[in-house]
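Take a look at the structure set out below.
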Amino acid sequence: MVTATPPLSVLDLPLPTPGDTEALGRRLAKLLRQGDVLALHGDLGAGKTALARALIRALPGPEGAADEEVPSPTFTLVQTYDRSPAAVWHFDLYRIESPEEVYELGIEEALAEGVTVIEWPERMGGLLPKDRLDVTLSYQADGSGRNARLQATGDWPARLAEMQR
């Protein structure tokens, strides 16, 4: 009897080097679809922007997209990138004061038409979409690198299983 591998709702990955964080971004980029939400959690300096940068650069786009500068949107709060399968909206919500401020940043358009990558998603409170991939980056206890915990809802569990193949 052949049994199917059940979809993964949680996946823990060690990221011993910055290159491993970038590789995770490239792997996730291959799974993205229009309408996806990636919520990036972690302390300052945990690698959220590095992961987002690698993911955005890995997606097909106009000539030179792979080398495009992808700065942290800490001060602009949102940056957009012309990519496929859809435009990427990269939000950094660290500086917002209330969840409702995300409407002024274009969150509704991003969620409807793009791929949405959100740093500091907890700042959205109850406005954060329920169907998403949560990526929590943390430091390893011995300080030798980082860990990533991917928690999937919606159709993400089946895609995480694809990533494991």
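Things to note:
- Selected residue [of a type in the set (A, V, I, L, M, F, W, C), touching a residue at least 12 places away in the same chain (Cβ under 8 Å) and within 28 Å of P157 (Cβ to Cβ)] from L105, L111: L111
- Residue check for G114: closer than 19 Å to Q34 by Cα and modelled with pLDDT under 95: no
- Just so you know, in the stretch 125-151 the residues that are more than 15 Å from the chain's Cα centre (by Cα) and under 19 Å from F91 (Cα atoms) include one that is surrounded by the most Cβ atoms within 10 Å (Cβ to Cβ), and it is L127.
- Residues of the stretch 50-102 satisfying the condition of being basic (K, R) and touching a residue at least 60 places away in the same chain (Cβ under 8 Å): none
- Test: residue in the stretch 75-84 that is among the hydroxyl-bearing types (S, T, Y), assigned to a helix (DSSP H, G or I) and surrounded by 13 or more Cβ atoms within 10 Å (Cβ to Cβ): no
- For the stretch 19-52, residues that are closer than 11 Å to V88 by Cβ and part of a helix (DSSP H, G or I) total 2.
The values are calculated or read from the model by the stated rules, or taken from the named source; none is laboratory data. Fair warning: this is a prediction, and the values are worked out from it, not measured in the lab. All Cβ positions, glycine included, derive from the backbone under ideal geometry; neighbour counts span all protein chains shown.
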